[in-house]
Amino acid sequence: MATRKTTGSGSRSRRRRSADENLSLVDRFMEVSDALTDALGTPWALALSILLIVVWALTGPIFRFSDTWQLVINTATTIITFWMVFVIQTSQNRQAKALQFKLDELIRSIPSARNRMIAAERESTEELKRQEEEFQETAERGGARDVPPEESAERSKSERRNR
């Protein structure tokens, strides 16, 4: 996950402040989301959550295990979980999109690659299943070295028809 780090140098910190002022609310949310996802995915965050539960459990006798005592932990964990779904999903969506752009760029950069694969995530389930079978058949034949992808696809189609 890419996070921004500030440096102590004068002109860089001024540029950083200027860039921060130009960030939209969505960009700021994404930065906070990334930072929270990073922070909450550490052993320290897990240890803190365990400590919170232990402290809550130890206060049970003090509050005579009342309904309010139980309601406090139930409400707090429900609210935190609800918010974290959005924070983590935002971070995951952003990472998945960046990864997809990188893969698309790799596909575009290889002359023999099928550019139609760039749009694979928008294909129907039936079309994806067909392509998976095509790739499996190509792999079983030992790959498609020195065979243009379009020709390999045509061979797979004709082999399927001949069965």
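The values are calculated or read from the model by the stated rules, or taken from the named source; none is laboratory data. Values in this document were obtained by computation on a predicted structure and should not be read as measured data. Because the Cβ atoms are built from the backbone with ideal geometry, glycine has one as well, and the counts that use them run over all protein chains shown. Accessible surface is based on the protein model in full, side chains and every heavy atom, while ligands, DNA and RNA are left aside. Shrake-Rupley method; radii C 1.70, N 1.55, O 1.52, S 1.80 Å.
Things worth noting here:
- Restricting the first member to segment 117-135 and to residues that are within 18 Å of D104 (Cβ to Cβ), and the second to residues that are open to solvent by 90 Å² or more (accessible area, probe 1.4 Å), the beta-carbon pairs closer than 8 Å and six or more apart or on different chains are I118/R108.
- Any chance E140 is more than 30 Å from D27 (Cβ to Cβ) and either surrounded by 13 or more Cβ atoms within 10 Å (Cβ to Cβ) or at pLDDT 90 or above (or both): no
- In the condition set (1) assigned to a helix (DSSP H, G or I); (2) at pLDDT below 85; (3) among the aliphatic types (A, V, I, L, M); (4) surrounded by 13 or more Cβ atoms within 10 Å (Cβ to Cβ), M84 is compliant with all but (2).
- Residue satisfying condition, being within 20 Å of the chain's Cα centre (by Cα) and either surrounded by 10 or more Cβ atoms within 10 Å (Cβ to Cβ) or within 20 Å of Q89 (Cβ to Cβ) (or both), within set T75, T42: T42
- Identification of helices (runs of 4 or more DSSP H) wholly contained in segment 1-66 with 2 or more residues that are under 24 Å from F86 (Cβ atoms) and at pLDDT 90 or above yields 25-40, 43-58.
- Flag for S112 being in a helix (DSSP H, G or I) and hydroxyl-bearing (S, T, Y): no
- Total residues in segment 49-85, condition within 27 Å of D34 (Cβ to Cβ) and touching a residue at least 12 places away in the same chain (Cβ under 8 Å): 2
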